[in-house]
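For reference, the structure is listed below as structure tokens.
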Amino acid sequence: MEIPYAFIIAVILLGLIPGPNVGVIVGLSLAKGWRTGLMAVSGTSAGLAIQLLIVSVVTSSLVDQIANFLFILRWVGVGYLLFLAISALKAAINERSKEAIKSLENKNQKTKSLENGGKSIDGSDELIINPQF
């Protein structure tokens, strides 16, 4: 497996670079003293805690909605498969019906041909079946 050295270096550098919160805290601490710096730390921590709470609630709600969507999608898939099965069954029944009708028409034609002396009933004098048994 190839090790992505550039990715590892980028992650380390981004982890070491202070973010805007650290800049605000350090700036306030140097300008106004350590008590103001501690108040800035507590304020930014409280803000991050509220942000984390909102993100966790939204994420859990989103995951719940995705589960509901997948449940509905599964039953839509079941319905589609049933539709395909019924369509295939109808097509097979129609094909069988057509074959049965052709078979009956052939029997009727042979019966009429027997009554006609074994000749075609459409006017041509071709012998369809052998009337002798």
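The numbers here are math on the coordinates, done by the rules we state, and not lab data. Predicted model, so just to flag it, every value in this text is computed and none were measured. Glycine also receives a Cβ, built like all others from the backbone with ideal geometry; neighbour counts cover every protein chain displayed.
So here's what we get for this one:
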read-out	value
Theoretical FRET efficiency, 1/(1+(r/R0)^6), r = Cβ-Cβ of Lys32 and Val55, R0 35 Å, to 0.05	0.70
Extended-chain gain in nm, criterion 0.36 nm per residue less alpha-carbon gap, Asn106 and Met39	14.2 nm
Kirkwood hydrodynamic radius (C-alpha pairs) into Stokes-Einstein, the stretch 1-108, 37 °C and 0.692 mPa s, D in µm²/s	152
